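These notes are about the structure you will find just below.
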Amino acid sequence: NTYRLEPYNKFQDYVVRKKAQEILTNKLQETKYDGVSSPSLCASISEEILTAMKELGYDRYKYVVSVLIVEKAGQAINVASRWVWDVQRDTWVSAKCETETFIALALIMACYYE
């Protein structure tokens with residue numbers, strides 16, 4: 001046991017946000033909203049984002065990726081989450097992609113793991 005309480009490669013919010021934004025934009029650029037295929041699309045996008053986060057090489061972090069696709073119908077939306085959180089080491093990032101027919105929101109939570 002090294003008793004090390006900090007990662008060697010610390011999580012960088014701006015890098016993760018940029019990567020998630022690129023994935024959302026590339027996957028959803030030409031897509032129209034479809035309520036039937038949206039759940040599988042959310043699952044595939046979240047898997048792709050999770051794979052990209054692991055490839056960035058931030059050590060000692062576990063990730064939770066959630067993707068939400070909502071049809072634009074003139075409504076408002078509030079998204080809330082509750083976590084047991086270490087404010088010094090844990091963090092989260094969001095990325096959004098908006099098209100003519102829907103809004104996609106990706107939430108990436110990075111939890112420090114010793």
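The values are calculated or read from the model by the stated rules, or taken from the named source; none is laboratory data. What you see is a predicted model; the values in this text were computed from it and never measured. For neighbour counting, all protein chains shown are included, and Cβ atoms are generated from backbone atoms with ideal geometry for every residue, glycine included. Side chains are part of the model used for accessible areas, which takes the heavy atoms of the whole protein and leaves out ligands, DNA and RNA. Shrake-Rupley method; radii C 1.70, N 1.55, O 1.52, S 1.80 Å.
Listing for the model above:
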read-out: Segment 10-26: number of residues that are among the hydroxyl-bearing types (Ser, Thr, Tyr) and without any contact (Cβ under 8 Å) to a residue 24 or more places away in the chain; value: 1
read-out: Number of the exception - LEU56 against (1) in contact with a helix residue (DSSP H, G or I) (Cβ under 8 Å, 6 or more places away or on another chain); (2) surrounded by 16 or more Cβ atoms within 10 Å (Cβ to Cβ); value: (2)
read-out: Filter result (farther than 19 Å from LEU41 by Cα, among the hydroxyl-bearing types (Ser, Thr, Tyr) and assigned to a strand (DSSP E or B)) within segment 64-104; value: THR91
read-out: Selection from segment 20-40 of residues that are at pLDDT 90 or above, small (Gly, Ala, Ser) and either touching a strand residue (DSSP E or B) at 6+ places or on another chain (Cβ under 7 Å) or farther than 26 Å from GLU55 by Cα (or both); value: ALA20, SER37, SER38
read-out: Out of VAL93, VAL67, sole residue that is surrounded by 18 or more Cβ atoms within 10 Å (Cβ to Cβ), in contact with a helix residue (DSSP H, G or I) (Cβ under 7 Å, 6 or more places away or on another chain), over 17 Å from GLN12 (Cα atoms) and at pLDDT 90 or above; value: VAL67
read-out: Residues of segment 22-58 that turn out to be among the acidic types (Asp, Glu) and in a helix (DSSP H, G or I), as a count; value: 4
read-out: Options LEU50, LEU107; residue that is in contact with a Ser or Thr (Cβ under 6 Å, 6 or more places away or on another chain), under 30 Å from LEU5 (Cα atoms) and either of a type outside the set (Val, Ile, Thr) or open to solvent by less than 40 Å² (accessible area, probe 1.4 Å) (or both); value: LEU107
read-out: Of all residues making up segment 1-21, the number that are open to solvent by less than 80 Å² (accessible area, probe 1.4 Å) and in a helix (DSSP H, G or I); value: 6
